[in-house]
Each structure stands twice: as C-alpha cells, then as structure tokens.
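Encoded as structure tokens, the structure appears first; notes follow it.
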Amino acid sequence: MIGYYVHHHGSGHLHRARSVASAWPGEVTGLSTLPRPPGWTGDWVHLDDDAPADGHHDITASGHLHWAPVGHPGLSSRMARIASWLEAARPSLLVSDHSVEITLLARLHGVPVVAVVLPGDRSDPAHLLGYGVCEALVAMWPATARVRTGLPPDLLARLRCVGGLSRFAPTEARPRRTEEAHVAVLWGRGGDGPPEHELTAARSRTPGWTWTVLGGDRWMDDPFAVLLDADVVLTHGGQNAVAETAAARRPAIVLPQARPFDEQLAMGRALDDDRWPAIVCRSLPEDGWPTLLERARRLDGHRWQDWCDGHAADRFVAVLQEAGGA
C-alpha cells in the first residue's frame, strides 16, 4: 500500500492523484485537507486545515521551510494525524504532491518519498531540502519541453518527465455542430476567477464566435465535451489545464497567471515554442481579438501529441514501482 498526499490548492493535484490511483495496481490511501473524492476506492485520511497564519509567526522557520507557522493548532493536528497514519499503516512509499513539510515528515518515519516537481524556480532552500531526500522526482511535462525548475544537476538527474497528465484520454475533436466558431475559456479554482471584464470586451469584438467560460463561478467537473467542441481554448498556464487542452488536441491561447515561484510563467515560457500549438500572451489584448483567434485557430492541435499522449499515469506508476512502492 502507498500513500498519496494531495495538496488542497486548486484542483490539479487531486486530478493527478485520481489518475495515478486508478493506474496503480494496489491500494492507495489519500491524505488531504480536501474531502474524499467520489470514486476513490482506497482509504482517505482527512487532515485539519493549517491556514490562515494570522497571529502566528516564523511561518518559514527562518527560510528553511515553506509553511510551518509557530503555534498553529491546525498544523500540529495534521502532522500528528499523518504521523499516526504512517506508524499504523506502514506504507511502502508516499507520493508528495506537493509539500516539503509532508515529504520530510514521511522520510523521518523511514518511508521513501516520490515528489512531484512543479514548473518555476524551485532553487530555494526548502525545495532543495525536500527534493533532496526523495527517491525520485516526477514532472508532468515531456522531457523535450524546456520547462525551467531551477534544480541543480544532482536533482535533475532524479527527475522523470512523464508527460502531461490529463484525466481525459486524448481524442480527436468532435465534428462541428454549427458554422459559428467557438472559444472555450478554461479556468481553474486555484486563484482568481476568469478575467470577466476582458472577456466581456472580447465577446463584443468577435462577432461570429461563441464563448463558453468554464471556471470560477461556472465550474464544471467534466469540461472535456466543451473542449472537444472548441475551435480555440483560452486558458491559464496551470499544468492540468494545459494537459486537458492537449488531450482535446485543441489549439490554445495561454495566459499565465501570477503564482508562487513563477510557476505559470515558467510554463508559459516553455509553451512559447513552435513545437506546441499555443500562443502565449502576457495579458489579454484590448483590440485585435479576431486576428488573435484566427491565428490560434490555424494552429495544428495534433502537435499536442508529444505533450500528452495518454500514458503519463502509467509512467508515473512505473517510477513509483522502481522507487520501492511495489
């Protein structure tokens, strides 16, 4: 049996966990502040929240950790809960997606850890400490992608790039049902909602295009049908959103958002490459929307094949088995 720590910010961590758990041949116990998701067949350890940090000091332990506010009852409770589970369950391995503190806690219990590496500058002391104790590191992009991590050579040697991991199998787009062109706006739950003002202006300037917004207050658990019907997907630079756009084989306009460690900016730089069917924008334009959409529409969505081929979860499982999870 293995454990899988699921970070609670956004939805991408949970989507990855569910895909990997489905591909894993044995039992997977989830550990998260999030509630147990529908269809999860293993155990689920629900953890107390350790936010906010108001009234608590030294959140980073003088820069050595990311989140360890002194005197926070939620932090104490969740760490005790995980420690009790580690002692009782004796997992063969823990996946950390991703928390440096959980990684260290598991390793100090003698449990090997495989951690998920996110894009961006991960060269700070806390990341280097957490990744340094891991058996292996996994990245959700293809090895050919130029994604910046800031990791030194010794940690890059442990990094296994398994490709974009989408919960949906790659497929061809559906036949067009109408003559009107269609934009799908795919936004997440990990930050601010879709840029409503800019999207309203874009709609007014793009006669002949319909717009469907997914995200924020318009959250949809299964957006894939909308993506398959789209001529262009407008999305932020989150890994899950990019992977699902790639699985739908739809050309994209990518608008990276501000995130810690420049996560989405690093993804945007990697996608700003002729190999991928994406146009990366620093901000949404006030004018020129018809031209921008037509440029994106002409990109060949089949070029996403090398980013997301549908086998990332299986490759992830292979890494876990090699690391001692079997």
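The values are calculated or read from the model by the stated rules, or taken from the named source; none is laboratory data. All of these numbers come straight from a predicted model, not from anything done at the bench. Note that we place each Cβ from the backbone using ideal geometry, even for glycine, and neighbour counts take in every protein chain shown. These accessible areas exclude ligands, DNA and RNA; they are computed on the full protein's heavy atoms, side chains included. Shrake-Rupley method; radii C 1.70, N 1.55, O 1.52, S 1.80 Å.
In the chain, the convex hull through the Cα atoms has an average projected area of 16.6 nm², a quarter of its surface area. Distances between placed amide hydrogens fall under 5 Å for Thr29 paired with Ile2, Gly3, Tyr4, all partners being 5 or more residues away or on another chain. A 1.4 Å probe run over the chain, with the rest of the protein chains in place, finds 44 Å² accessible per residue.
Under Stokes-Einstein, with the Kirkwood radius over Cα pairs as Rh, the value for the stretch 19-76 at 10 °C and 1.306 mPa s is 117 µm²/s.
So how strong a dipole does the chain carry about its Cα centre when Lys and Arg Cβ are +1 and Asp and Glu Cβ are -1, to the nearest 20 debye? Before the final figure, lay out each step's value.
Numbers: 31 positive and 39 negative charges, 120 e Å.
So the dipole magnitude of the chain works out to roughly 580 debye.
To put it simply, the accessible area of the chain at a 1.4 Å probe is 51 percent carbon and sulfur.
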